[in-house]
Amino acid sequence: MRKVGLAIIGGIAAIVLLTHVGPLIGLLISLVLLYFSFKKFMAADSTFKKIVWAIIGVIALTASASNVPAILAIAAAVILYMVYKKWNEQKSEKQDTSDPFQNFEKEWGKLQK
């Protein structure tokens, strides 16, 4: 029953992530442009160049702010990762308890010490 819940949550998170790939790519591009314009602004010598890079930075900042749905994609990716970790964690616990020979090897190792 728990695996069904994890599968449903993971499926919903995957759908949300796939539907928001466009804004996620737009956010990535606008943040790279914002970083580049900030670096060029700090390295500029003349006032005109600083004004041009500041304008480009403001445009990139507004483009970044307009990609708010990308935050949903990031949250969905985090949830998908957490579901993946829980899914694999349960598999490893089952394998430890279902294998009698593995438990025997542990106990035999304790007796040998």
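The values are calculated or read from the model by the stated rules, or taken from the named source; none is laboratory data. All values reported here derive from a predicted model rather than from experimental measurement. All Cβ positions, even for glycine, are placed from backbone atoms using ideal geometry, and neighbour counts span all protein chains on display. Heads up: the accessible areas ignore ligands, DNA and RNA and are worked out on the full protein's heavy atoms, side chains in. Shrake-Rupley method; radii C 1.70, N 1.55, O 1.52, S 1.80 Å.
Structural remarks
- For the range 3-84, the relative contact order is 51 percent, taking Cα pairs closer than 8 Å that sit 6 or more residues apart in sequence and dividing their mean separation by the residue count.
- Between GLU107 and LYS39, the contour length at 0.36 nm per residue exceeds the Cα-Cα span by 18.4 nm.
- Dipole in debye (nearest 20) - the chain, about Cα centre, beta carbon charges: Lys, Arg +1; Asp, Glu -1: 200
- If you count Lys pairs in the chain whose Cα atoms are under 28 Å apart, skipping same-chain pairs closer than 8 places in sequence, the total is 17.
- Treating r as the C-beta distance of ASN88 and ILE15 and R0 as 25 Å, the FRET efficiency rounds to 0.75.
- Accessible solvent surface per residue of the range 34-89, calculated while the other protein chains remain in place, 1.4 angstrom probe, Å²: 73
- 15 Å reach of a label modelled at VAL58, 7 Å along Cα-to-Cβ, counting backbone N of the range 25-52: 38, 48-52
- Overall shape: oblate for the chain, with the ratio a/c of the largest to smallest alpha carbon gyration tensor axis at 1.5 or above and b/c at least equal to a/b.
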